[in-house]
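Reading through the C-alpha cells given below for one structure.
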Amino acid sequence: MGWFDKKSVKADQWEAEAKEYDREARAEASKAEGYRNSLKSGKSSDPGADRYMIREHQANQWVAAKNAQTLREFAKHERRRWWAPPPK
C-alpha cells in the first residue's frame, strides 16, 4: 500500500535527522569537556573565555539533544496508524 510506505519513509528521514543531532550533541559535549579539562589543569590562558565557551557548548548540546528528541517524537507519531488511539 502506497500510503503507508510514504509515512514510513518520512519517519525514517526524521529518525536519520535525529541521529545527526545526536552526533552534534556528542561533539558539543566533547568540545565543552576539552575546555573544562583545560580550565581544571590550569593551562588555560583565559579562564573567563573558557567558562564562556563551556556554557556555549553546553547550550548547543542541549539544543541539539532537544531537536533529536522532537524529531524522534515526530517519527513516532508519523508511524502511528490513523486508526490507532492517540498516545497517552
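Go through (1) modelled with pLDDT of 95 or more; (2) within 22 Å of GLU15 (Cβ to Cβ) one by one and return the number of the condition PRO87 breaks.
With respect to (1) modelled with pLDDT of 95 or more; (2) within 22 Å of GLU15 (Cβ to Cβ), PRO87 is out only on (1).
Taking the residues in region 59-88 that are of a type in the set (Phe, Trp, Tyr) and closer than 19 Å to ALA16 by Cα as candidates, determine which candidate is surrounded by the most Cβ atoms within 10 Å (Cβ to Cβ).
For region 59-88, the residue satisfying everything is PHE74.
Output the qualifying pairs, or none if there are none: Cβ atoms under 8 angstrom, residues six or more apart or on different chains, first residue in region 8-33 and under 25 Å from GLU56 (Cα atoms) and at pLDDT below 95, second residue β-branched (Val, Ile, Thr) and crowded, with 17+ Cβ neighbours inside 10 Å.
Here the result reads none, with nothing in region 8-33 linked to a residue that is β-branched (Val, Ile, Thr) and crowded, with 17+ Cβ neighbours inside 10 Å.
In contact (Cβ under 8 Å) with a residue 60 or more places away in the chain and either within 17 Å of the chain's Cα centre (by Cα) or in a helix (DSSP H, G or I) (or both) - does that describe any residue in region 53-75?
As a first pass, look at region 53-75 and keep what is in contact (Cβ under 8 Å) with a residue 60 or more places away in the chain: 74-75.
Those still in the list that are either within 17 Å of the chain's Cα centre (by Cα) or in a helix (DSSP H, G or I) (or both) too: 74-75.
Scanning region 53-75 turns up at least one residue that is in contact (Cβ under 8 Å) with a residue 60 or more places away in the chain and either within 17 Å of the chain's Cα centre (by Cα) or in a helix (DSSP H, G or I) (or both).
The values are calculated or read from the model by the stated rules, or taken from the named source; none is laboratory data. Note that the structure is a prediction, hence the values are computed from the model and not measured. FYI the Cβ positions are ideal-geometry reconstructions off the backbone, even for glycines, and counts take in every protein chain you see.
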